[in-house]
Amino acid sequence: DAGITQSPRYKITETGRQVTLMCHQTWSHSYMFWYRQDLGHGLRLIYYSAAADITDKGEVPDGYVVSRSKTENFPLTLESATRSQTSVYFCASSEKETQYFGPGTRLLVL
Amino acid sequence: KQEVTQIPAALSVPEGENLVLNCSFTDSAIYNLQWFRQDPGKGLTSLLLIQSSQREQTSGRLNASLDKSSGRSTLYIAASQPGDSATYLCAVRGGETSYDKVIFGPGTSLSVIP
């Protein structure tokens with residue numbers, strides 16, 4: 001299917017574990033983004049990528065790692081999950097200025 | 001530091017009513033402003049994007065205005081329908097090439113009662 005997909009849609013993990021959230025887009029957009037959405041904080045940018053092998057930090061990058069070896073994929077890894085990383089994570093892509101969002105991944109860290 | 005606020009936080013209106021959602025930002029040096037819609041448990045859908053040089057954009061029953069000098073944008077929804085029920089977010093982008101300066105507001109939760 002065309003569009004932007006995220007997996008898994010729901011994830012429960014424990015503190016200290018490594019977790020990888022996947023994001024895949026079929027449009028070949030140059031830009032991809034990772035946001036987290038929390039009550040009281042709204043949407044905040046974690047990392048973004050302007051092209052394959054080019055990534056940069058957003059507002060809240062600590063505790064997260066990204067990679068972009070292929071244009072269509074932009075995985076987000078929590079190296080050692082903490083309870084404060086419980087959130088809804090959204091991936092987005094864009095070619096020009098309009099961003100297209102995935103359905104989100106709900107992550108619970110126990 | 002740019003801060004974006006949205007008033008009201010929640011709004012409930014009867015079907016057919018015209019309504020206005022407000023977005024305010026503290027730094028007027030913006031590149032563009034975008035309005036999004038978010039349905040429960042879903043991602044964001046772009047509704048309208050206004051460049052800093054523009055005053056308004058229209059799409060169907062939606063009209064968004066921008067007043068940079070006062071740090072305000074409004075989203076006008078005409079003849080509201082139950083299908084308009086969702087959370088509406090505005091996002092301000094600060095620089096031409098700096099995606100790390102996209103700041104989202106907290107959103108307005110809209111309920112349109114049949």
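The numbers here are math on the coordinates, done by the rules we state, and not lab data. Everything quoted here is computed from the prediction, not taken from an experiment. Note that each Cβ is placed from the backbone with ideal geometry, even for glycine, and that neighbours are counted across all protein chains shown.
When A:Tyr48, A:Tyr35 are checked against the criterion of being part of a strand (DSSP E or B), touching a helix residue (DSSP H, G or I) at 6+ places or on another chain (Cβ under 6 Å) and under 15 Å from A:Gly102 (Cα atoms), A:Tyr48 stands alone in meeting it. A single entry from A:Arg36, A:Arg44, A:Arg9, A:Arg17 fulfils the requirement of being basic (Lys, Arg) and without any contact (Cβ under 8 Å) to a residue 40 or more places away in the chain: A:Arg44.
With respect to B:Gln34, determine if the residue is part of a strand (DSSP E or B), within 14 Å of chain A (Cβ to nearest Cβ) and either more than 13 Å from B:Gly105 (Cα to Cα) or in contact with a helix residue (DSSP H, G or I) (Cβ under 6 Å, 6 or more places away or on another chain) (or both). No. Among residues of segment B:53-68 that are farther than 20 Å from B:Ser28 by Cα and touching a residue at least 40 places away in the same chain (Cβ under 8 Å), none has a Cβ under 7 angstrom from a residue that is loosely packed, with under 11 Cβ neighbours inside 10 Å and aliphatic (A, V, I, L, M) at a sequence gap of 6+ or on a separate chain.
Among the conditions (1) more than 21 Å from A:Glu97 (Cα to Cα); (2) out of contact with any helix residue (DSSP H, G or I) (no Cβ under 7 Å at 6 or more places or on another chain), the only one that B:Pro114 does not satisfy is (2).
Touching a residue at least 24 places away in the same chain (Cβ under 8 Å), surrounded by 15 or more Cβ atoms within 10 Å (Cβ to Cβ) and either touching a Ser or Thr at 6+ places or on another chain (Cβ under 9 Å) or not aliphatic (A, V, I, L, M) (or both): is that true of A:Arg68 in this structure? Answer is yes for this residue. Restricting attention to segment B:41-66, the residues that are within 8 Å of chain A (Cβ to nearest Cβ), more than 10 Å from the chain's Cα centre (by Cα), surrounded by fewer than 20 Cβ atoms within 10 Å (Cβ to Cβ) and assigned to a strand (DSSP E or B) add up to 1. Scan segment A:53-103 for residues that are under 16 Å from A:Ser7 (Cβ atoms) and either within 14 Å of chain B (Cβ to nearest Cβ) or β-branched (Val, Ile, Thr) (or both) and report the count. Counting residues in segment A:53-103 that are under 16 Å from A:Ser7 (Cβ atoms) and either within 14 Å of chain B (Cβ to nearest Cβ) or β-branched (Val, Ile, Thr) (or both) gives 12.
Going by what's in this entry, would B:Ile77 be described as more than 14 Å from chain A (Cβ to nearest Cβ), crowded, with 20+ Cβ neighbours inside 10 Å and of a type outside the set (Ser, Thr, Tyr)? Yes; evaluated as a whole, the condition is true for this residue.
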